[in-house]
Amino acid sequence: MRSLGTLGSALVPTMGAFHKGHLELIRAARATGRPVVVSIFVNPTQFGPHEDYSRYPRDLDRDAELAEQAGVEVIFHPEAREMYPRPSSSIHVAEVTEHFEGSLRPGHFDGVSTVVCKLFQIVRPDVALFGLKDLQQCVVIRRMVDDLNIPVELRFQPTVREADGLAMSSRNAYLSSEERAAAPLIYRLLTDSRTRLLDSEEPDRVLKSAWNRLTEGGFEPQYFELVDLESFTPVRRAGDSTALVAAARIGKTRLIDNVLLFDRPNMP
Ligand code: AMP
């Protein structure tokens with residue numbers, strides 16, 4: 001094995017239950033030419049009390065096999081009590097955590113930013129890779145790294161999708177076959193809404209129509225919004241640095257997805 005100390009590593013933080021989205025991050029990490037470290041840790045502090053921490057899918061043997069096939073040098077798989085041996089200090093990232101996932105899942109981003117910061121300190125990577133599937137998370141980590149002067153280069157990778165457009169997610173395993181058949185509607189509405197906004201249609205009208213179509217499609221929408229990528233606040237002007245973000249429940253499962261208004265490499 002190459003020495004992690006001299007070369008610096010590329011870190012891919014995950015919660016395991018690998019799918020092609022994770023494997024694509026690993027591929028991109030390998031393409032940096034650095035040894036690849038993958039962390040697999042279902043982080044309790046980013047789950048709310050009524051969320052799916054205990055039933056979140058876990059399959060370390062399969063993940064380890066896939067990671068090895070993908071050329072990962074190190075898997076870091078700590079126990080919760082090793083990461084949090086006592087009540088933990090935590091990081092709160094300002095502003096970009098106020099809306100959307102931040103307000104619907106109180107404490108979620110404190111859990112995410114704290115565990116990612118701990119992983120950065122433990123692994124000391126010089127590059128870390130994240131998926132744009134969790135767009136607000138990317139913006140939160142970018143802001144944490146900038147605000148706290150953390151010496152790591154961030155890379156954000158495009159969302160990997162199923163053939164019908166559904167964003168890959170470990171939580172897709174929760175979907176019944178009828179829910180799975182309905183699930184691609186979110187991405188269809190995101191891309192359709194992007195086209196309509198780029199055709200200069202009134203944002204309020206576009207967003208409302210997407211909301212109604214989600215409801216008609218059997219979803220319980222939580223947000224379908226146009227956001228500014230700097231502040232992660234809602235805006236009503238489709239610009240260069242904006243994205244459409246959506247979250248909706250179908251049955252017991254909560255799905256999130258997004259599209260950038262204009263594809264740019266390594267956003268945000
Ligand atoms: P998770 O294991 O769900 O915490 O995800 C670990 C990393 O994989 C995060 O940076 C996610 O944004 C990223 N990721 C999850 N799903 C996808 C996907 N469909 N495409 C690209 N990246 C993804």
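The values are calculated or read from the model by the stated rules, or taken from the named source; none is laboratory data. Because the structure is a prediction, the values reported are computed rather than measured. Reconstructed Cβ throughout: ideal geometry from the backbone, glycine too, with neighbour counts over all protein chains shown.
The table below lists the values:
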quantity	calculated
Positions within the range 148-199 being among the acidic types (Asp, Glu) and in contact (Cβ under 8 Å) with a residue 40 or more places away in the chain, in sequence order	179
Scan of the range 147-203 for residues that are among the aliphatic types (A, V, I, L, M), within 16 Å of the ligand (Cβ to nearest atom), more than 23 Å from residue 42 (Cβ to Cβ) and not in a helix (DSSP H, G or I), ordered by number	163
Conditions (1) over 15 Å from residue 258 (Cβ atoms); (2) touching a residue at least 40 places away in the same chain (Cβ under 8 Å); (3) not hydrophobic (A, V, I, L, M, F, W, C): number failed by residue 202	(2)
Contacts under 7 angstrom Cβ, first residue in the range 74-89 being under 13 Å from residue 115 (Cβ atoms), partner modelled with pLDDT of 95 or more and assigned to a loop (DSSP other than H, G, I, E, B), 6 or more apart	78/41; 83/41
Failed condition for residue 209, given (1) within 24 Å of residue 18 (Cβ to Cβ); (2) without any contact (Cβ under 8 Å) to a residue 40 or more places away in the chain; (3) not acidic (Asp, Glu)	(1)
Among (1) among the polar types (S, T, N, Q); (2) crowded, with 17+ Cβ neighbours inside 10 Å; (3) more than 10 Å from the ligand (Cβ to nearest atom) - the single one residue 54 does not satisfy	(2)
Qualifying residue in the range 208-230 (condition: assigned to a strand (DSSP E or B), within 30 Å of residue 125 (Cβ to Cβ) and out of contact with any Leu (no Cβ under 9 Å at 6 or more places or on another chain))	yes
Qualifying residue in the range 97-115 (condition: under 19 Å from residue 43 (Cβ atoms), touching a helix residue (DSSP H, G or I) at 6+ places or on another chain (Cβ under 8 Å), without any contact (Cβ under 8 Å) to a residue 40 or more places away in the chain and surrounded by fewer than 18 Cβ atoms within 10 Å (Cβ to Cβ))	no
Test: residue 138 is free of Cβ contacts under 8 Å to residues at least 40 places away in the same chain and either within 16 Å of the ligand (Cβ to nearest atom) or closer than 25 Å to residue 79 by Cα (or both)	no
Subset of the range 24-54 [without any contact (Cβ under 8 Å) to a residue 60 or more places away in the chain, in a loop (DSSP other than H, G, I, E, B) and of a type outside the set (A, V, I, L, M, F, W, C)]	33, 35, 49, 50, 51, 53, 54
Residue within the range 211-229 that is buried (at least 22 other Cβ atoms within 10 Å of the Cβ), of a type in the set (Phe, Trp, Tyr), on the phi < 0 side of the Ramachandran plot and in contact with a strand residue (DSSP E or B) (Cβ under 9 Å, 6 or more places away or on another chain) present	yes
Checking residue 21 against (1) within 15 Å of the ligand (Cβ to nearest atom); (2) over 30 Å from residue 228 (Cα atoms), the condition it does not meet	(2)
